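Comments concern the structure below.
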């Protein structure tokens, strides 16, 4: 099941590949990579999910993984049986180009355990002494 959270994204087409960050929450999906921002809506049905995502270029330079298109509407279909989702996407503006991708759920680090004592003040006199060298 595609859970709410932050995902590392990897994707490729026959033209190129890339990586980005994707956020999913409350039926919305949004994110960014080095060239584009994207946002849209997603629906989850068990292990399957679908999304319609609009993309917009934020940085000039190289072409996107779909070619020269700066704004696209992606139709995404995928599976997420655990913490890793796989998906395919197509865009009407780039007929015949199929994007394949992977989303990996970012694990939140465990909360640091609270220390129950005072940290002693630094005393350089308590550092080990180096042996004296003959001159």
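Couple of notes before you dig in:
- The single condition among (1) under 23 Å from residue 106 (Cβ atoms); (2) more than 14 Å from the chain's Cα centre (by Cα); (3) part of a loop (DSSP other than H, G, I, E, B) that residue 74 does not meet is (3).
Each row is one residue, and each column tells you yes or no for (1) more than 18 Å from residue 102 (Cβ to Cβ); (2) crowded, with 19+ Cβ neighbours inside 10 Å.
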position: 8; (1), (2): no, no
position: 33; (1), (2): no, yes
position: 36; (1), (2): no, yes
position: 41; (1), (2): yes, no
position: 57; (1), (2): yes, no
position: 60; (1), (2): yes, no
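- Filter result for the condition that a residue is out of contact with any helix residue (DSSP H, G or I) (no Cβ under 7 Å at 6 or more places or on another chain), modelled with pLDDT under 95 and under 22 Å from residue 107 (Cα atoms), over 15, 35, 2: 2
- Scanning the range 24-58 for residues that are in a loop (DSSP other than H, G, I, E, B) and either over 18 Å from the mean Cα position of the chain (by Cα) or closer than 18 Å to residue 1 by Cα (or both) returns 26, 27, 46, 47.
Residues checked against (1) part of a strand (DSSP E or B); (2) at pLDDT 80 or above; (3) in contact with a strand residue (DSSP E or B) (Cβ under 6 Å, 6 or more places away or on another chain); (4) more than 30 Å from residue 31 (Cα to Cα):
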residue	(1), (2), (3), (4)
96	no, yes, no, no
114	no, no, no, yes
122	no, yes, no, yes
133	no, yes, no, yes
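- Checking the stated criteria, residue 26 turns out not to satisfy the condition of being surrounded by 14 or more Cβ atoms within 10 Å (Cβ to Cβ) and touching a residue at least 12 places away in the same chain (Cβ under 8 Å).
- In the range 80-94, the residues that are assigned to a strand (DSSP E or B) and surrounded by 16 or more Cβ atoms within 10 Å (Cβ to Cβ): 85, 87, 89, 90, 91
- Filter result for residue 14 (closer than 15 Å to residue 1 by Cα and outside any strand (DSSP E or B)): no
- Hits in the range 62-76 - residues which are under 15 Å from residue 89 (Cα atoms) and exposed (fewer than 13 other Cβ atoms within 10 Å of the Cβ): 71
The values are calculated or read from the model by the stated rules, or taken from the named source; none is laboratory data. Only a predicted model underlies this, so the values are computations on that prediction, with no experimental measurement involved. Note: ideal-geometry Cβ built from the backbone for every residue, glycine included; neighbour counts use all protein chains shown.
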